[in-house]
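Here the structure comes first, spelled out in C-alpha cells, and everything after it is commentary.
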Amino acid sequence: MLDLIPVIASYVPLTLFMAIMSMIAGLALAAVMAVIRVIKVPYLHRIVAVFISFFRGTPLLVQLFLFYFGLPQLVSGLQNLDGVSAAIIGLTLHFSAYMAESIRGAILGVDRSQWEAAASVGMTQKQVLTRIILPQAARTAAPTLMNYFIDIIKSTSLAFTLGVTEMMGAAQKEASSTFLYPEAFLVVAVFYWVIVETLSAGQRRLEHRLGKAVSR
Amino acid sequence: MSCQIDIKGLVKRFGDNTVLNGIDLCLQPGERMAIIGPSGTGKSTLLRCLNYLDRPEEGRITIGDLTVDAENAQKSDILALRRRTGFVFQNYALFANKTARANIMEGLTTVRGWSKAQATERADQILSQIGLGDRGDSYPAAMSGGQQQRVGIGRAMALDAELLLFDEPTSALDPEWVGEVLDLIRRVADGRQTMLIVTHEMQFAREIADRIVFMEGGRIVEQGPPSQIFGNAQDDRTRAFLRRVG
C-alpha cells in the first residue's frame, strides 16, 4: 500500500493544474456574468440567465460528455480536443454558473449608499464597480467561492471518465493491476482530503486578511 | 445679481406621487442656504436630484457654466454635474473598504486624475482640518459616527466643489457627536462655500444660513433671511411648522 503513495502523488500536479485553471477562468467568467446581471446589460443579461440556468440545471458529468464526445462531432475545430482541455472547459463553465450567482448575491448585499456615495464623487459606473462595490462583494463572497474551489478540486476526478489519467484514474489503474482496491481508493481519498484541508487553512488566513476593514 | 446655482422648474415623481412640484432656486456665489420643512416634503429628494442620485423628470440645473436639462441629460452631463457638487450623506456612506485617508483621496485620484502623492498630501491636509490627523489609517467601521461624518464632509470638501450638499448631516448621529459635526459644517460655511443644507437643527440653520427656504408638499412655500423666517414668517404653514418644532 505504501508503494501506492508516490504513484498517486505524481498525479497531484495534474489535478491541481485542472482545478486552478478552471477556478481562475471560472471566477473571471463568473464576475463578468454577475456584473452583467446586476446592471442588467440589455439583451446580454437574458443570455447570461439562460447560460446559468443550463449549467446549473444539468449534471456536470453530462456536460463533460457533451464537450468531450459531443462537440467534436459538431465543431470540426474541436476534433483534437484532449480530455484535460475538455475537463477544464466543462468545469469552468459549470462552476462559473454557480459562482456568478454567489457573486451577484454578494454585489446585491453591498449597501445602496455605497453606490450612491461613489457616484456622488463623480465616478463612472465602471469605476464604482471596480473600486468600491466588487472589493466589498469579494469579501462577502470569499467563503462560498472557496467552497466552490474545493468542489472543483474534487470534481476533477470526473476527468477520469474522459480517459484522463489524473489522481483518480491513477488509483483505478493501480487498483486493477494490483487488486489492492480498498487501499488504492483509500489512498486517493486521503490525498483529496489533505489537499482540501491545506486549502481550508489558507482560506481562514485569507478571510482574516479580508476582514480587516470591518474589524475594530 | 446673477446666480451661481440656478434651478428652474424641477419636478420629480415616484410613480404617481409627485415629490417635487416645480422647484425654482437661485444661489448667489458663496451663499449658504438651509432648507427646512416637515418630513416627506421632498427636501432630501431635492438635494438628491441636484446630484442626479434621483433623476428629475423635468427642470434645469445650472452650476456655473454647466447646464443640465432633465429631459435630455446624458451620462456625461450627469458626471460633469457630480464633479461640481459634493454630497454629504445622512448615514455618512463612507467607502467601507477604504481607510479614512483613502476615502478622501478616492475622488481626487479616480475622478480628477491626481497622482497618489498629490492626493495623499491633500487628504492629510483635510484630515487635520477636520481634526482627524491621527485617524488617516482607520477604517470606517473603527470610527465613531461623528468621526465618520467628519470624514464624509472631508471627502466632499476634497473635490473643491462649487456646491456642497448636506442631506440631514446630523440626523443619524448619537446626540454626543452632533456638536462636533455642526462645528465642522460651521467652519466650512465660514469659508463662504456655496452650500445647501437640509436640516432639522433650527438653531443651527438660523446661525449659519444666509437664507432659509421652507418647503412643504414638494413646493417652496416661503424663503428669506433667517430673521424674517424665524421672526416674521409671512405664510401660515411656515408659522405652524415653526411652532411645532420650536
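The values are calculated or read from the model by the stated rules, or taken from the named source; none is laboratory data. Fair warning: this is a prediction, and the values are worked out from it, not measured in the lab. When we count neighbours, we look across all protein chains shown, and the Cβ atoms used for this are built from the backbone with ideal geometry, even at glycine.
Can we say A:Met123 is among the hydrophobic types (A, V, I, L, M, F, W, C) and outside any helix (DSSP H, G or I)? For A:Met123, the condition - among the hydrophobic types (A, V, I, L, M, F, W, C) and outside any helix (DSSP H, G or I) - is met.
Which ones in the stretch B:43-60 are in a loop (DSSP other than H, G, I, E, B) and over 26 Å from B:Leu159 (Cα atoms)?
Listed by number, the list holds a single entry, B:Glu57.
Annotation note: of A:Val50, A:Val32, the sole residue that is under 29 Å from A:Gln125 (Cα atoms), exposed (fewer than 13 other Cβ atoms within 10 Å of the Cβ) and modelled with pLDDT of 95 or more is A:Val50. Condition check: of a type outside the set (D, E, K, R) and either outside any helix (DSSP H, G or I) or without any contact (Cβ under 8 Å) to a residue 24 or more places away in the chain (or both). Does A:Phe191 satisfy that? So A:Phe191 fails the test.
Would you say B:Tyr92 is within 13 Å of chain A (Cβ to nearest Cβ), surrounded by 15 or more Cβ atoms within 10 Å (Cβ to Cβ) and in contact (Cβ under 8 Å) with a residue 40 or more places away in the chain?
The answer is yes for B:Tyr92.
State all residues of the stretch B:189-212 that are within 14 Å of the chain's Cα centre (by Cα), assigned to a loop (DSSP other than H, G, I, E, B) and of a type in the set (Gly, Ala, Ser); if no residue qualifies, say none. Correct list: B:Ala209 only. Starting from residues that are within 7 Å of chain B (Cβ to nearest Cβ) and hydroxyl-bearing (Ser, Thr, Tyr), keep the ones in the stretch A:102-135 and report whichever is surrounded by the fewest Cβ atoms within 10 Å (Cβ to Cβ). So the residue we want is A:Thr124. Can you confirm whether the stretch B:142-161 contains a residue that is within 9 Å of chain A (Cβ to nearest Cβ) and either more than 24 Å from B:Ala34 (Cα to Cα) or surrounded by fewer than 20 Cβ atoms within 10 Å (Cβ to Cβ) (or both)? Scanning the stretch B:142-161, I find at least one residue that is within 9 Å of chain A (Cβ to nearest Cβ) and either more than 24 Å from B:Ala34 (Cα to Cα) or surrounded by fewer than 20 Cβ atoms within 10 Å (Cβ to Cβ) (or both), so the answer is yes. Screening the stretch B:61-100 for residues that are part of a loop (DSSP other than H, G, I, E, B) and aliphatic (A, V, I, L, M) and picking the one that is farthest from B:Ser144 (Cα to Cα) gives B:Ala73. Among the residues of the stretch A:86-101, is there at least one that is within 14 Å of chain B (Cβ to nearest Cβ), among the hydroxyl-bearing types (Ser, Thr, Tyr) and surrounded by 14 or more Cβ atoms within 10 Å (Cβ to Cβ)? Scanning the stretch A:86-101, I find no residue that is within 14 Å of chain B (Cβ to nearest Cβ), among the hydroxyl-bearing types (Ser, Thr, Tyr) and surrounded by 14 or more Cβ atoms within 10 Å (Cβ to Cβ), so the answer is no.
For the stretch B:110-141, filtering for residues that are within 13 Å of another protein chain (Cβ to nearest Cβ), farther than 12 Å from B:Ala100 by Cα and within 22 Å of the chain's Cα centre (by Cα) leaves 3.
Here's the yes/no breakdown for (1) under 28 Å from B:Lys8 (Cα atoms); (2) modelled with pLDDT under 95:
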| site | (1), (2) |
| --- | --- |
| B:Leu159 | yes, yes |
| B:Phe166 | yes, no |
| B:Glu176 | no, yes |
| B:Asp190 | yes, yes |
| B:Glu201 | yes, yes |
| B:Gly246 | no, yes |
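Residue-by-condition table, conditions (1) assigned to a helix (DSSP H, G or I); (2) in contact (Cβ under 8 Å) with a residue 12 or more places away in the chain:
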| position | (1), (2) |
| --- | --- |
| A:Leu14 | yes, yes |
| A:Met18 | yes, yes |
| A:Pro42 | no, no |
| A:Arg46 | yes, no |
| A:Phe51 | yes, yes |
| A:Arg56 | yes, yes |
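Quick one: count up the residues across the stretch B:76-89 that are buried (at least 20 other Cβ atoms within 10 Å of the Cβ) and without any contact (Cβ under 8 Å) to a residue 60 or more places away in the chain. Qualifying residue count for the region: 2. On inspection, A:Arg139 passes the criterion of being touching a Gly at 6+ places or on another chain (Cβ under 9 Å), closer than 30 Å to B:Val88 by Cβ, facing chain B (nearest Cβ under 9 Å) and not aliphatic (A, V, I, L, M).
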